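Heads up, the thing below is written out as structure tokens.
The values are calculated or read from the model by the stated rules, or taken from the named source; none is laboratory data. Worth saying up front: this structure is predicted, and the values here are computed from it rather than measured. Every residue, glycine as well, gets a Cβ built from its backbone with ideal geometry; the counts of neighbours run over all protein chains shown.
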Amino acid sequence: MNPRLASRASIAIYLASCVLFLVALHAHANGWVVSNVAPGLGAPGLDAARGTRTGLVHVAVLGLAFLGMVTGYGLMLLSVLRASVVPSSSRSAFIIAVAAALPLLMTPYLLSTDVYGYILYGRVHAVHDGNPYTTPPYLFDDPYQEWVYWREAAMIYGPIWLYVSSGLTAVLDRLGAGPALHVVAFKVLALGLHLGSGALIVKIVRRRRRDRAHAAALAYLLNPLCLIEFAGNAHNDVAVIFLVLCAIDAHAGHHRWRAVTWLVLATLAKPYALGLLGLYVAGHVREAPSRTVAVQRGAASMALVALVCTLAYAPVWDGLATFRGMTRDAAASGEINSIAQWLTSLGTSRTVARAIMFGGFAVLALFLLLRSRSAEQALRGFPWFMLGFCALGAAWFWPWYATMAVAMAVALGTRSAVIATLILSACALIIYVTFALGAPSVVELRSIVRALHDGRAVVVFGPAALVLVWSWLRHPHREVLPCDPPPVSSSLS
């Protein structure tokens, strides 16, 4: 088949599937948290209660939309990688991403209600002049409580994200915006950061291999999971991705302390970036030419981290109570969609299941730390750290957690890391399908659905794990862990 024709066909499949996703998200009672619709967006849709025959039809349409997006995405990637002429510009990837995002921006229902939490926490700070770290939202008379599930929980995100949320909600409140406009505004913000991250990835990859920049742009910008989570669900992980990529770009420009600062800001948006900060600082210190310089770098790093954290937390600081939400977060004590949940479904005690997961993640983190003999090597460990976090470090796992792994793999990863991560991002969408199934009224399907619910961690993580094992078996002497690619900071040849 003509590569150009194949590319056009894959683009058509991809964009049509995005429209089909918009159609699927017009169904009422589609399996997500009750009343998570943004009023005013779209027409009243199909009543597809979970478990009913109509609900099963809805699941089929939703699954078909996911399958179409993944298929079109895969075909586009193959077409670009096999093309004899490499595009000199990545503009087409950005244009397709914006076109695909338009129907996602208009979806009336969401696959997650987190954006309403961002709005409500922002309103607590900007509109009610409260401290969301110590004062739960339910204590305020606010109309947005209707769409928030964790109303009694203090804020679990860092102050950087709080200031972004409160700033945006303050502007929207002055404009008299309703819920629909609030949701759209956060979606547009997320899409803007997503496109900005794509531009940074192009810049980073172009330093290593100019001929792979377009493929990298397409791999990240059009990744179905990333577009759905950002343009569709407005998840704030996109802000963390943008900040970490700013750090990688600063490192490539030989601005190490600027890179550390960006990573601290990323950690202050969402705490899981702390692991990436730790790896980078360790590499930066270990590559020092002498022990004296290493001590100086370590002390300076700690001082910089302390300074940025102090400045960020100062406006909302209320003692140790400021971290109440993070320590009592459901994700810190629960298991869902994870290997730990699958192990407990097999009869393993919860304590043992969590010990297996966290123990495995600790071993991986220690291995990456020991391998980070320089800041460059630390960066190359970022994709593996995030893959390990998704599979082992997050007993409470949701699809959007994998978006950071996608960005890190595309920007920095080995071939095996990229393939495994893209497969994980596709399989993660299955979680939404399983939740939409409910308990089918069709008796014959109940055992199948139950097995899918109990084993969804295997379905999500299994294929990616098999790819990594296969890569190691085929090339046992080639490093599967960090890392093959040329240095991030290498100049163009």
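Before moving on, here are some points about what is shown:
- Only one entry of Tyr116, Tyr73, Tyr138 meets the criterion of being at pLDDT 95 or above and outside any loop (DSSP other than H, G, I, E, B), and that entry is Tyr73.
- For the stretch 465-483, a residue qualifies if it is at pLDDT below 65 and surrounded by fewer than 14 Cβ atoms within 10 Å (Cβ to Cβ), and the qualifying residues are Pro476, His477, Arg478, Glu479.
- Residue in the stretch 206-214 that is modelled with pLDDT under 95, crowded, with 20+ Cβ neighbours inside 10 Å and small (Gly, Ala, Ser) present: yes
- Of the helices (runs of 4 or more DSSP H) lying entirely inside the stretch 354-461, those containing at least 3 residues that are aromatic (Phe, Trp, Tyr) span 382-388.
- Within the stretch 417-443, restricting attention to residues that are farther than 24 Å from Tyr109 by Cα and modelled with pLDDT of 75 or more, the residue that is surrounded by the fewest Cβ atoms within 10 Å (Cβ to Cβ) is Ile419.
Matching residues to (1) modelled with pLDDT under 90; (2) closer than 25 Å to Pro224 by Cβ:
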| residue | (1), (2) |
| --- | --- |
| Arg371 | no, no |
| Ala375 | no, no |
| Trp400 | no, yes |
| Leu412 | no, yes |
| Leu445 | yes, no |
| Ile448 | yes, yes |
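- Residue under evaluation Leu279, criteria (1) at pLDDT below 95; (2) in contact with a Gly (Cβ under 7 Å, 6 or more places away or on another chain); (3) not polar (S, T, N, Q), criterion not met: (1)
- Some residue of the stretch 32-53 being buried (at least 20 other Cβ atoms within 10 Å of the Cβ), in a helix (DSSP H, G or I), modelled with pLDDT under 85 and touching a helix residue (DSSP H, G or I) at 6+ places or on another chain (Cβ under 7 Å): no
- Some residue of the stretch 272-293 being touching a residue at least 60 places away in the same chain (Cβ under 8 Å), under 29 Å from His182 (Cβ atoms), within 16 Å of the chain's Cα centre (by Cα) and surrounded by fewer than 23 Cβ atoms within 10 Å (Cβ to Cβ): yes
- Test: residue in the stretch 364-387 that is out of contact with any strand residue (DSSP E or B) (no Cβ under 8 Å at 6 or more places or on another chain) and more than 30 Å from His254 (Cα to Cα): no
- Test: residue in the stretch 453-464 that is out of contact with any Asp or Glu (no Cβ under 7 Å at 6 or more places or on another chain), β-branched (Val, Ile, Thr) and surrounded by 19 or more Cβ atoms within 10 Å (Cβ to Cβ): yes
- Filtered residues of the stretch 322-353 (kept if within 18 Å of Gly130 (Cα to Cα) and either at pLDDT 85 or above or not in a helix (DSSP H, G or I) (or both)): Thr322, Phe323
- Unmet requirement for Thr107, which otherwise passes all of (1) within 26 Å of Ala217 (Cβ to Cβ); (2) surrounded by fewer than 24 Cβ atoms within 10 Å (Cβ to Cβ): (2)
- For Ile95, the requirement of being closer than 23 Å to Leu221 by Cβ and modelled with pLDDT of 90 or more is met.
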